[in-house]
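Engineer: Here it is, the structure in full.
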């Protein structure tokens with residue numbers, strides 16, 4: 001497993017990497033089913049695809065793709081449901097607060113790059129004290145492109161006043177690793193995250209894999 005030298009910042013994906021939002025995302029999607037008289041599905045059905053947002057949640061709830069004619073209306077209803085319950089069951093993963101504290105003690109900057117749109121990212125940032133210390137929060141609609149395009153990661157590095165090569169990116173989805181590599185950053189796969197149904201993280205090309213948030217500290221060498 002690779003370690004990282006001369007790193008000045010760590011950027012993180014949000015859902016499945018810093019926070020466990022699957023319970024609220026699943027509840028928002030499941031309400032679409034129960035409001036239509038359909039049987040409720042267990043959280044376990046939604047959890048693997050929680051990192052893919054509305055697309056993943058609606059595929060579980062109704063077996064539809066974005067090409068389906070009903071998708072736009074269902075997505076907006078899902079967004080409304082999610083906005084209402086966005087922090088009822090969501091919490092940071094165990095070890096994340098300690099990880100962030102350690103990064104700050106090492107004089108490392110940190111930030112968030114997520115495909116979650118700012119409509120929801122801003123609510124989470126307001127309600128979770130952890131994010132007060134983030135040097136950059138880049139949402140899925142903050143730049144013209146979302147991950148796996150490198151633009152959001154490059155924007156975050158710019159906000160931190162750093163070169164991309166001075167940052168590493170940690171995420172639980174193949175798109176995260178693709179974006180990080182395209183941006184010229186070191187990449188870390190968060191194996192404790194959602195990963196996605198049928199995912200093969202070993203083939204993503206990440207520089208390292210971690211199985212708990214605090215594992216990241218072992219990869220960071222003094223600069």
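The values are calculated or read from the model by the stated rules, or taken from the named source; none is laboratory data. Just so it is clear, the structure is predicted and the values come from calculations on it, not from any experiment. Cβ sites come from the backbone with ideal geometry, for glycine too, and all protein chains shown count toward neighbours.
Engineer: Filter the stretch 70-94 down to the residues that are over 16 Å from the mean Cα position of the chain (by Cα) and not in a helix (DSSP H, G or I) and list them by number.
Structural biologist: If the condition is that a residue be over 16 Å from the mean Cα position of the chain (by Cα) and not in a helix (DSSP H, G or I), then 70, 88, 89 are the ones that fit.
Engineer: Is one or more of the residues making up the stretch 133-144 closer than 24 Å to residue 97 by Cα, within 14 Å of the chain's Cα centre (by Cα) and in a loop (DSSP other than H, G, I, E, B)?
Structural biologist: Yes.
Engineer: Next up: With the structure loaded, tell me whether residue 96 is in contact with a helix residue (DSSP H, G or I) (Cβ under 8 Å, 6 or more places away or on another chain) and surrounded by 15 or more Cβ atoms within 10 Å (Cβ to Cβ) or whether it fails that test.
Structural biologist: Numbers: in contact with a helix residue (DSSP H, G or I) (Cβ under 8 Å, 6 or more places away or on another chain): yes; surrounded by 15 or more Cβ atoms within 10 Å (Cβ to Cβ): yes.
Answer is yes for this residue.
Engineer: What pairs come up if the first residue lies in the stretch 30-49 and is closer than 15 Å to residue 75 by Cβ, the second is modelled with pLDDT under 95 and exposed (fewer than 15 other Cβ atoms within 10 Å of the Cβ), and their beta carbons are under 8 Å apart, counting only those six or more places apart or on different chains?
Structural biologist: Between residues of the stretch 30-49 that are closer than 15 Å to residue 75 by Cβ and residues that are modelled with pLDDT under 95 and exposed (fewer than 15 other Cβ atoms within 10 Å of the Cβ), the close pairs are 49/197.
Engineer: Which of the residues that make up the stretch 148-158 are within 14 Å of residue 12 (Cβ to Cβ) and free of Cβ contacts under 8 Å to residues at least 60 places away in the same chain?
Structural biologist: Going through the stretch 148-158, the residues within 14 Å of residue 12 (Cβ to Cβ) turn out to be 152-153, 156-157.
152 - this is the single residue of the stretch 148-158 that is within 14 Å of residue 12 (Cβ to Cβ) and free of Cβ contacts under 8 Å to residues at least 60 places away in the same chain.
Engineer: Could I ask something else about it? Please give the number of the condition residue 75 fails out of (1) farther than 28 Å from residue 163 by Cβ; (2) without any contact (Cβ under 8 Å) to a residue 40 or more places away in the chain; (3) surrounded by fewer than 15 Cβ atoms within 10 Å (Cβ to Cβ).
Structural biologist: (3)
Engineer: Look through 205, 198, 161 and report the one residue that is without any contact (Cβ under 8 Å) to a residue 60 or more places away in the chain, part of a loop (DSSP other than H, G, I, E, B) and farther than 29 Å from residue 46 by Cβ. Give the steps one after another, and end with the answer.
Structural biologist: Values: 205 fails: farther than 29 Å from residue 46 by Cβ; 198 fails: farther than 29 Å from residue 46 by Cβ.
Just one listed residue meets the conditions, 161.
Engineer: Of the numbered conditions (1) over 24 Å from residue 169 (Cβ atoms); (2) surrounded by 17 or more Cβ atoms within 10 Å (Cβ to Cβ); (3) in contact (Cβ under 8 Å) with a residue 24 or more places away in the chain, residue 87 fails exactly one; give the number of that condition.
Structural biologist: (2)
Engineer: Within the bounds of the stretch 182-191, is there any residue that is part of a loop (DSSP other than H, G, I, E, B), touching a residue at least 12 places away in the same chain (Cβ under 8 Å) and under 26 Å from residue 85 (Cα atoms)? Even if it seems obvious, please write down each step before you answer.
Structural biologist: Going through the stretch 182-191, the residues part of a loop (DSSP other than H, G, I, E, B) turn out to be 184-185, 191.
Right, trim to touching a residue at least 12 places away in the same chain (Cβ under 8 Å) and you get 184-185, 191.
Filter once more, keeping what is under 26 Å from residue 85 (Cα atoms): none.
No, the stretch 182-191 has no match at all.
Engineer: Only residues that are assigned to a helix (DSSP H, G or I), out of contact with any strand residue (DSSP E or B) (no Cβ under 8 Å at 6 or more places or on another chain) and farther than 20 Å from residue 168 by Cα: list them for the stretch 105-121, please. Show your work before the answer.
Structural biologist: Taking the stretch 105-121 first, the residues assigned to a helix (DSSP H, G or I) are 105, 118-121.
Applying the additional criterion that residues be out of contact with any strand residue (DSSP E or B) (no Cβ under 8 Å at 6 or more places or on another chain) yields 105, 118-120.
Hits for the stretch 105-121 are 118, 119, 120.
Engineer: In addition: Return the only residue of 132, 174 being within 30 Å of residue 83 (Cα to Cα), buried (at least 18 other Cβ atoms within 10 Å of the Cβ) and free of Cβ contacts under 8 Å to residues at least 60 places away in the same chain.
Structural biologist: Being within 30 Å of residue 83 (Cα to Cα), buried (at least 18 other Cβ atoms within 10 Å of the Cβ) and free of Cβ contacts under 8 Å to residues at least 60 places away in the same chain holds for just one of 132, 174, which is 174.
Engineer: Does residue 148 satisfy the criteria of being under 16 Å from the mean Cα position of the chain (by Cα) and under 17 Å from residue 116 (Cβ atoms)? Step through it out loud before you land on a result.
Structural biologist: Values: under 16 Å from the mean Cα position of the chain (by Cα): yes; under 17 Å from residue 116 (Cβ atoms): yes.
Against the criterion (under 16 Å from the mean Cα position of the chain (by Cα) and under 17 Å from residue 116 (Cβ atoms)), residue 148 qualifies.
Engineer: Answer yes if at least one residue in the stretch 36-55 is closer than 24 Å to residue 110 by Cβ, in contact with a helix residue (DSSP H, G or I) (Cβ under 7 Å, 6 or more places away or on another chain) and either loosely packed, with under 15 Cβ neighbours inside 10 Å or not assigned by TED's automatic domain parsing to the domain that holds residue 114 (or both), and no otherwise.
Structural biologist: Looking through the stretch 36-55, at least one residue is closer than 24 Å to residue 110 by Cβ, in contact with a helix residue (DSSP H, G or I) (Cβ under 7 Å, 6 or more places away or on another chain) and either loosely packed, with under 15 Cβ neighbours inside 10 Å or not assigned by TED's automatic domain parsing to the domain that holds residue 114 (or both).
Engineer: Which residues, counting only those in the stretch 11-35, are touching a helix residue (DSSP H, G or I) at 6+ places or on another chain (Cβ under 6 Å) and either assigned to a strand (DSSP E or B) or exposed (fewer than 12 other Cβ atoms within 10 Å of the Cβ) (or both)?
Structural biologist: Passing the criteria: 11, 15.
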